[in-house]
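Below you'll find the structure I mean.
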Amino acid sequence: MTDERNDGVDDKKSFSEPRSDVGRDGGGERLTRPPGRPAVHGEDWSKVTVVMLNRQVIFLDRLSADIRAATGSIVKRAEIIRTLVDLLTESDVQASEALPGSELKDILRNALARLGREAEVPTA
């Protein structure tokens with residue numbers, strides 16, 4: 001008899017859903033969750049590690065603290081970063097051919113400036 005046990009990792013869309021696992025004694029199945037907080041994502045996701053400069057982390061922490069002070073809502077660094085990536089994805093900004101460094105920053109700065117001008121409401 002071969003062991004056809006599936007750890008439930010390969011076929012799951014996220015770790016937020018319980019996965020089935022065989023008990024240690026080989027008995028019936030039990031539902032298990034990976035350690036840590038349950039994920040709040042409703043779509044496929046991957047956990048990644050990104051190295052950031054200290055000043056960037058400080059900026060994200062201050063932004064998170066400012067949001068919490070103003071609204072009472074807790075916004076984590078990862079949520080801010082995911083939101084920025086989603087906004088770039090949904091935008092018409094053509095950044096795929098930018099050279100590394102300042103060129104990408106210039107493209108994004110110009111796009112943000114353009115959005116700011118478009119959002120201004122003319123006064124009568």
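The values are calculated or read from the model by the stated rules, or taken from the named source; none is laboratory data. Bear in mind the structure is a predicted one, so any value in this text is a computation, not a measurement. Every residue, glycine as well, gets a Cβ built from its backbone with ideal geometry; the counts of neighbours run over all protein chains shown.
Residue-wise test of (1) at pLDDT 95 or above; (2) surrounded by 12 or more Cβ atoms within 10 Å (Cβ to Cβ); (3) out of contact with any Leu (no Cβ under 6 Å at 6 or more places or on another chain).
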site: T32; (1), (2), (3): no, yes, yes
site: K47; (1), (2), (3): no, no, yes
site: R55; (1), (2), (3): yes, no, yes
site: F59; (1), (2), (3): yes, yes, yes
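Between residues in the range 74-102 that are closer than 18 Å to V51 by Cα and modelled with pLDDT of 90 or more and residues that are outside any loop (DSSP other than H, G, I, E, B) and aliphatic (A, V, I, L, M), which pairs lie under 7 Å by C-beta distance while being six or more apart or on different chains?
That search, which allows pairs on different chains as well, returns R77/L60; I80/L60; I80/L63.
Next question, about the same structure. Here are some residues: L63, L84, L88. Which one is surrounded by 13 or more Cβ atoms within 10 Å (Cβ to Cβ) and within 30 Å of H41 (Cα to Cα)?
From the options L63, L84, L88, the qualifying one is L63.
State yes or no: is A111 surrounded by 10 or more Cβ atoms within 10 Å (Cβ to Cβ), more than 21 Å from M52 (Cβ to Cβ) and either among the small types (G, A, S) or in contact with a Pro (Cβ under 8 Å, 6 or more places away or on another chain) (or both)?
yes
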